[in-house]
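Heads up, the thing below is written out as structure tokens.
The values are calculated or read from the model by the stated rules, or taken from the named source; none is laboratory data. Values in this document were obtained by computation on a predicted structure and should not be read as measured data. Reconstructed Cβ throughout: ideal geometry from the backbone, glycine too, with neighbour counts over all protein chains shown.
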Amino acid sequence: MFKNLLNKLSRGMILQKPARRILLIIIAAIAVSCNNMYNDEESLKLFYNQPAAEWTEALPVGNGFLGAMVYGTVEQEHIQFNEETLWRGRPHDYAHKGAYKYLEEIRKLLFEGKNEEARKLAGKEFMSIPLRQMAYQPFGDLYIEFPGHDTYTDYKRELDISRAVCKTTYKINEVSYKREIIASNPHEAIAVNIRSDKKESINCKISFDTEHEFRKVDFSDNLLTLEVEVKDGVLRGIAGARVLTDGKLKFSDGKLFISGASDATIYLSAATNFKNYMDTSNDPATVLKSRLKKTEGLEYSKILKEHIKDYQGLFNRFTVDFGTNGRDSLTTDERLRLYPESNDDPGLVALYMQYGRYLLISSSRKGTQPANLQGIWNKELKPPWESKYTTNINVEMNYWPAELLNLSECHEPFLKMVEECAVTGRSVAKEHYNCDGWVLHHNTDIWRGAAPINSAPYGVWPTGAAWVCTHMWEHFLFTQDTLFLYERAYPVMKEAALFYSQFLIEDPETGWLISSPSCSPENGGLVAGPKMDHQLIRLLFRQCVEIASILDLEDEFTEKLSVMAEQIAPNQVGQYGQLQEWLDDRDDPENKHRHVSHLWGVHPGDDITWEKSTDLMEAARQSLVFRGDDATGWSLGWKINLWARFLDGDHAFKMFDLLFRPKGGDKTSLTGGGSYLNLFDAHPPFQIDGNFGATAGIAEMLIQSHQSYIEILPALPKALDYGSISGVCARGGFELSFSWENGMLQELGILSKAGMKCKLIYRNKEIEFDTEKNKVYKLNADLIDPATLDDNKKYAKNRPNILFIMSDDHCARAIGAYGSRLASLDPTPNIDKLAEDGMIFSNVFCTNSICKPSRANIITGQYCQTNGVLDLYSVLPAERHYLPAEMKKAGYTTAVIGKWHLKNSPENFDYYCVIPGQGRYYNPIMYTNKGGVKKKVRFDSTLEREVPVREFKGHSSDVITDEVISFLETRDKSKPFFLMHHYKAPHDMFVYAERYKDYLSDVEIPEPDNMYDQPAPGFGSIATRGVNDSLIHDIGSSISRRGRRNYGRYYKLSEELSEREFTHQSYQNYARDYLRCVKGVDDNMGRLMKYLKENDLLDNTVIIYTGDQGMMLGEHDYMDKRWMYEEAMRMPLIIRFPDKIKAGSECDWMVNNTDFAPTMLELAGVKKPDYMQGSSFVRALEGKKETSKWKKGTYYRYWMHMAHSHNNPAHFGIRTKKYKLIFFYGCDFSNVHGGKEVTKYGGNRYWVNTPVAWEFYDLEKDPREMNN
């Protein structure tokens, strides 16, 4: 409900300006602190509230063989689909016969500075035949028409990238319809499942269409088919759609009709006559039949299950979490539109990263073609740049995430393409350069063209082979697969190196070996000696030398390569302090070209690194500064990676300001990249490499392994100072998982897949160690393996004891140190001394002001809706008693003594002695795991159990303190202790020790100034007052006689008293009894502090004092808690620990009770588990300032609608330091609590609906909340 509410609020559907602006500010701030409240699966969805209006709004699905774009249109679903092998053209050798005869003349002209003449000659005699390569083609369009579905409600479409399922849902006249579309790799088919919740309500007609001139639609054997042939080529194909349904099928007029169905699944597949780049002899119909046979007779549910299993086998290897600011609840298009205004959406960055992985899995699988310029998705017969494989950056960028983000198998189609180009590139090497080996220029297609195309200034770039070969080397570095290196990589790389060893020529001026003719891709024309070429060839030579060493294959050729690598023209620093792009120093600082080719040696190469040359890195950085930030989408992706290599995470992240600019249409532009609403990268137009480049760039900010070590968080931007990542890979055969908070590493795990030596660096820390294959190594933030510290128990000896003291309903106003109206009574001198010696917190809040949920939040570090304890009837299973379990694992002795109130026994503690349920103030019985006699004990009205109990004499506050001291005396003193010391007092009904009967008896207790004549004008809403104040006697328990439940009645005050006198006497009795119970707690605190001091435990023990929530002490004429109003929501918190805390310090950080457990764990030296939603505030204890990511507010929800005669309506809300927003929703969430019907018990009135209303308070101007 809260999530939907935020969604509506953010779209301005509920409140109008200016209130809407204020609420949006609050929501944006508070959502940071509630970042784990929402279901994690929502963070891995793209979703929208309207169908796609154009192709770049449709959602992509793919299985490597087939790709489809799903529009989600209601009345006519449109699924545009592709089959990966449908291209124009035919098997062909693109080499220009005899072109090498003009090579020397072209080189001579370039050396003479006659570049234009060289260009013309190369254009005429040196280019590919034909001049252009072939285009990837769309296959067809599947349409599903739904008559009568033009008026609909509750529309939503989504792409769940955690399952690779595209879904559209909507309603027609209260009938719910759902469509799911998957592209299954195991079944080589696209499945479209259509369902409704009303029998026989699906009636639709299915048809094919296509852009191709030749098309034929037919229907036979329950198969609707579409045959196509490409223009200007030999490829033809057939697509088939088979329907499995409980309805009726009929074919007419080229369409297949489904009628009277409740469920229908369309299985779509396609095939062509393409066999390989040299052979087109396949029979499409035979291939199609074999593909569709994989779905024959199978229910959609089975195919879906197998599809998800296959997909998640790849996808689930890697996870990433950057937290969220609450925008996960917004539609994807809204998030994208909001990003330029407020670029604080870490969840969108994580989603984009995983989306890149989704796209790679969907477009590149074993046995398929590699992902092209548009992956596998294309709707045009003449797509931009033919949607082929551009090898001067784009197709390589497609595979930057493959090894790094644990998708090595998806790299395989690209590696196979390299091997095929090595074959076709031989004739080009011979015909164009008269060299042995093989060469590839700046593009290839499905026919594996390798010759220079289009025009000489772009096409004559002969180092495509060197670049694609680096992927062979990278695959080995990440996998350490020496068999791959020997059988596949080295033969291809060695043959490419052979070509370049013959191709390089000596520069007549410098004597260096240079590349000529060539270009710096797409910039500066045809030249001799572009820097990129030299970086590529030098690294190829060195890689071949290293491979020969690994495989023990050194020979004369590798010796030659080693010598030649040193003779290649080096990287140079130019006149502007820049890295020169060309051999001569002619860079223009004003040139903003999208290509930054001379920085290839920084990324993706490693020719220039901080380890090798600081000067060259600084020069390269200067070049990137000159180039500027704005560029095409793919160029922005490259720049993210470059800025990460320059260790400037903030500048790298700045690129997302540009990358997340919403784009529409398909107009081509060479600047102004961004993202389409389906998160496709906008060059513009759509070009998928930007998605993959940025995906890899995010990882590059978090981990780098291209130097002689693995560096953790090398370029972490401030915008991502919280997060975790698992399954990310590093060179050397390592897989890593780590997390960080406030920009600091917390914990690191390393899986060694190959048993190689591991060298790690984090900031100024470094570690190097040998590893065993398949062994996991765990390190802390100091890069120390905790196992080397003997064991956790010995490590724990140096950790502090932790004493957590909590009273029930003790509010901050009843503690002198908080300086409230009651401070003049000096109610808590011992607790005040704790504050004097430690830190007092002024902004601490519970998330549900009722005993059991608050305690569950503290024990679990989770919000109620996560831990399941929503009310007093909920049960917290023992396995969720997380805090003591983590403390025990860390070597602590654990105990809880006093009020427990969580029904299940606290079995995760080493020792417990606790009150069952509310228990008794006097002569309490407590159940325990040490000693005791078994007896039946009633915990509450719904639970009775037989447990070992001990019976005590005296007041519970005294008894509990005695038992605490007894535990401290008898505990295992070889270990630190974690002790939860819980008082029952001062919970109502207040029963104090006899010795306090005269305490404050002659004292007038200061009264709140908003107690009389309530509710005051301006306070509350119709939810708490009713229309025309009709509910003021029903809602809430009061001090005055106003409420159904009031303390005057409890004290049996005379009804003859005036209203004011009745209220006065009621309050005085109420407050005295409450403060007498508080006095008993404080005196026992003094006794406990004395014991700690006398036994040398005071200064090495973290002492925490709090109450489980606040308490209304007459404010607004209310008693009890439950409300989100300040007095009930605010908790006291005082912490003493001289080792970290400056005496007498104060803290105004926003903290809630889910933060207690992570903080105590950090104080114990334990990393917060991922399942805990709170955050540690140890930084606050150390006197540090809030970080930008610390919560700006807190979330609250009270679930127990109209319960216990207190009659508080259920509500939830958010509170920042300045504002508070409360929503009373007027009904109970369930009449069944804790699995038991309790509607009639204890004054409960769950079934009574109350008015719905908002309340909003400006806490700076109105701290007492008098004006809604």
Residue count, the range 1160-1193 (criterion: within 22 Å of G838 (Cβ to Cβ) and outside any loop (DSSP other than H, G, I, E, B)): 8
Candidate set from the range 867-899 (those that are touching a helix residue (DSSP H, G or I) at 6+ places or on another chain (Cβ under 8 Å) and aromatic (F, W, Y)); member that is surrounded by the fewest Cβ atoms within 10 Å (Cβ to Cβ): Y882
Of the criteria (1) buried (at least 24 other Cβ atoms within 10 Å of the Cβ); (2) closer than 30 Å to F977 by Cβ, which one M1112 fails: (2)
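For the range 929-969, how many residues are of a type in the set (V, I, T) and at pLDDT 95 or above? Working first, answer last.
Step one: list which residues in the range 929-969 are of a type in the set (V, I, T), which gives 933, 937, 942, 947, 949, 959-961, 964-965.
Filter again for at pLDDT 95 or above, leaving 959-961, 964-965.
So the count comes out to 5.
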Answer residue from the range 603-661, given it is of a type in the set (V, I, T) and closer than 17 Å to N591 by Cβ and is surrounded by the most Cβ atoms within 10 Å (Cβ to Cβ) among those: T632
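Restricting to strands (runs of 3 or more DSSP E) lying wholly in the range 1048-1157: which have 1 or more residues that are in the same structural domain as F845 (by TED's automatic domain parsing) and of a type in the set (K, R)?
1133-1136
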Members of the range 621-636 found to be within 20 Å of A694 (Cβ to Cβ) and in contact with a strand residue (DSSP E or B) (Cβ under 7 Å, 6 or more places away or on another chain), listed by number: G633, W634
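Looking for whichever is in contact with a His (Cβ under 7 Å, 6 or more places away or on another chain), in contact (Cβ under 8 Å) with a residue 40 or more places away in the chain and of a type in the set (A, V, I, L, M) here; the options are I897, I915. Which one fits? Give the steps one after another, and end with the answer.
On the way: I915 fails: in contact with a His (Cβ under 7 Å, 6 or more places away or on another chain).
Result: I897 is the single residue among I897, I915 that is in contact with a His (Cβ under 7 Å, 6 or more places away or on another chain), in contact (Cβ under 8 Å) with a residue 40 or more places away in the chain and of a type in the set (A, V, I, L, M).
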Residues satisfying the stated conditions in the range 1194-1218, i.e. in a loop (DSSP other than H, G, I, E, B) and out of contact with any helix residue (DSSP H, G or I) (no Cβ under 8 Å at 6 or more places or on another chain): M1200, H1201, M1202, A1203, H1204, S1205, H1206, N1207, N1208, A1210, K1217, K1218
Number of positions in the range 287-336 that are more than 30 Å from P346 (Cβ to Cβ), hydroxyl-bearing (S, T, Y) and out of contact with any strand residue (DSSP E or B) (no Cβ under 8 Å at 6 or more places or on another chain): 2
Number of the condition not met by G524 [criteria: (1) at pLDDT below 95; (2) assigned to a helix (DSSP H, G or I); (3) of a type outside the set (D, E)]: (2)
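Which residue, of F967, F939, is under 22 Å from D808 (Cα atoms), part of a strand (DSSP E or B) and either basic (K, R) or in contact (Cβ under 8 Å) with a residue 24 or more places away in the chain (or both)? Quick ask: steps written out before the conclusion?
Working: F967 fails: part of a strand (DSSP E or B).
The conditions single out F939.
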Among the candidates I802, I767, I703, I698, residue that is at pLDDT 95 or above, touching a Leu at 6+ places or on another chain (Cβ under 7 Å) and under 30 Å from M617 (Cβ atoms): I703
Test: residue in the range 537-544 that is among the basic types (K, R), more than 18 Å from L583 (Cα to Cα) and out of contact with any His (no Cβ under 8 Å at 6 or more places or on another chain): yes
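Which residue is surrounded by the fewest Cβ atoms within 10 Å (Cβ to Cβ), if the candidates are limited to the range 381-401 and must be of a type in the set (S, T, N, Q) and part of a helix (DSSP H, G or I)? Let's see the steps before the verdict.
Here is the first cut: in the range 381-401, the ones of a type in the set (S, T, N, Q) are 387, 390-392, 394, 398.
If we keep only those that are part of a helix (DSSP H, G or I) too, we end up with 387, 394, 398.
Values: S387: 27, N394: 23, N398: 33.
Here the residue is N394.
Can you tell me how many residues in the range 694-715 are more than 16 Å from the chain's Cα centre (by Cα) and among the small types (G, A, S)? Steps first, please.
Step one: filter the range 694-715 for residues more than 16 Å from the chain's Cα centre (by Cα), giving 700, 703-715.
Remaining after also requiring among the small types (G, A, S): 705, 708, 715.
Of the residues in the range 694-715, 3 are more than 16 Å from the chain's Cα centre (by Cα) and among the small types (G, A, S).
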For L647: the one exception among (1) over 30 Å from L498 (Cβ atoms); (2) modelled with pLDDT of 95 or more; (3) not in a loop (DSSP other than H, G, I, E, B): (3)
Failed item in (1) of a type in the set (S, T, N, Q); (2) part of a loop (DSSP other than H, G, I, E, B); (3) under 37 Å from the mean Cα position of the chain (by Cα), with N454 passing the rest: (3)
